[in-house]
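Pasting in a structure now, in structure tokens, and then I'll have a few things to ask.
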Amino acid sequence: MRPPGSPVTLQALGDEAASCTRCPLAGGRTQVVFGVGNPEADLLFVGEGPGREEDLIGEPFVGRSGRLLDRLMREELGLDRSQCYIANVVKCRPPGNRDPEPAEIESCRPYLDEQVALIDPRVVVTLGNFATRTLLSTTEGIRTLRGRAYPFRAGQLVPTYHPAFALRSGGEIMAEMRADFVRAKRLLPRAAPLGDGPPALARPPS
């Protein structure tokens, strides 16, 4: 853990997480998958946890689900992952890609809470049941919760499906997921087009 009073940055928090042994998931990981993107972004995506490819590469959403996430970001938001931040509820891969257990989520929760506090996004998009239930402190499912925005800290939270579920489910779920991305876009400050100048979601220095 950090010494009391030491400065907190995403880099310092990631360094701390890299050696975390708070739960048994640490014993089976290749590496901690902390997060990726712009630490000053107005948009934060939160998923469930790393899968096999993420565990090997060390970056969230790099397999088929990640390619869909990138495509929806580009097509519905006009953004890429350098203009947002992507994290997960748990930072280590659960064995066999099983769902994270409540104790594992609780062990990892302080890292996620600090990520949210440090990034201080205008909009959080939760991807799937686990991220949505964790951040909204609810037991309701994603089908009930999606379709609207919720006050969250100083901004808004927009729940949507996990990309893996959309890939399995087809057209109707994909259309609803696109609608959720549009909902998130409307809550964001106006962004510059992809490739036009500095990252569109980076806030200017104060």
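The values are calculated or read from the model by the stated rules, or taken from the named source; none is laboratory data. Note that the structure is a prediction, hence the values are computed from the model and not measured. A quick note on method: Cβ atoms are made from the backbone with ideal geometry, for glycine too, and the neighbour counts reach across all protein chains shown. Just so you know, the surface numbers come from the protein's heavy atoms only, side chains and all, with ligands and any DNA or RNA stripped out. Shrake-Rupley method; radii C 1.70, N 1.55, O 1.52, S 1.80 Å.
Using a 1.4 angstrom probe on heavy atoms only, work out the carbon and sulfur share of the accessible area of the chain in %.
So the carbon and sulfur contribution to the accessible surface is 51 percent.
List the residues whose amide H sits under 5 Å from the amide H of GLN156, counting only those 5 or more places along or on another chain, with H placed 1.01 Å from N in the peptide plane.
VAL123, VAL124
A follow-up question, please. Where does the chain land at 222 nm, in deg cm²/dmol rounded to the nearest 500, when only DSSP H runs of n ≥ 4 count, each adding -39500 (n - 2.57), divided by all residues? Please list the in-between numbers first.
On the way: 8 runs with 78 residues, N = 206.
Here the helix-only value at 222 nm equals -11000 deg cm²/dmol.
Here is a further query. If you wrap the stretch 18-61's Cα atoms in a convex hull and average its projection over all directions, what's the area in nm²? Each step should come with its number before you reach the end.
Values: hull surface 14.3 nm².
Taking the Cα atoms of the stretch 18-61, their convex hull projects to 3.6 nm² on average.
Quick one: Debye curve from the alpha-carbon atoms of the stretch 109-175 only, equal weights, vacuum; give me log10 I(q)/I(0) at q = 0.24 Å⁻¹ to two decimals.
Cα-only, vacuum Debye calculation for the stretch 109-175: -1.07.
In Å and from the alpha-carbon atoms only, list the Rg and Dmax of the chain.
When restricted to Cα atoms, the chain yields Rg and Dmax of 16.1, 50 Å.
Okay, moving on. When the gyration tensor of the stretch 1-86 is built from Cα positions, what are the square roots of 5 times its three eigenvalues, in whole Å, from largest to smallest?
25, 18, 8
Now for a different question. Can you give the FRET efficiency for ALA175 and TYR150, using 1/(1 + (r/R0)^6), R0 = 30 Å, r = Cβ-Cβ distance, to the nearest 0.05?
0.90
Enumerate the amide H contacts of ASN88 below 5 Å, restricted to partners 5 or more residues apart or on another chain; note that Pro and chain-start residues carry no placed amide H.
It is GLY47, by chain and number.
Further question on the same structure: Per residue, how many Å² of accessible area does the chain show with a 1.4 Å probe?
Working: 9920 Å² over 206 residues.
I get 48 Å² per residue for this part.
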